[in-house]
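Working notes for the structure below.
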Amino acid sequence: MGKKEGKKGELDKKQAKKARQAAKQQKTALKRSKKETKEGEDIEKIIREFNAKEAAKTAVTVEISLPPSRRSNFTLTPLPNGEV
């Protein structure tokens, strides 16, 4: 059997446990804050890229074209369903 440490040993263990728990809480809080900032920036960046692509798709371009040429020949084609 091992020796009993007594009250002082128990206090040391409790303090060490509290220190480990505090370190673990700080580590998880740091991970959470990094994750939140990373997600927030990514969403804003994605929205900006999406808006830029949509603006490029919906941009209006005006092109001046020549009038159509005259047609010299035409054909009369009967409708297959008989409507006139």
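The values are calculated or read from the model by the stated rules, or taken from the named source; none is laboratory data. Owing to the predicted nature of the structure, the values given are computational and were not obtained by experimental measurement. Glycine gets a Cβ as well: all are built from the backbone with ideal geometry, and neighbour counts include every protein chain shown.
A few comments on the model shown:
- Filter result for Arg32 (over 13 Å from the mean Cα position of the chain (by Cα), among the basic types (Lys, Arg) and not in a helix (DSSP H, G or I)): no
- Any chance Asp12 is assigned to a helix (DSSP H, G or I), surrounded by 10 or more Cβ atoms within 10 Å (Cβ to Cβ), of a type in the set (Asp, Glu) and over 24 Å from the mean Cα position of the chain (by Cα): yes
- For segment 23-47, the set of residues classified as polar (S, T, N, Q) and modelled with pLDDT under 90 consists of Ser33, Thr37, listed by residue number.
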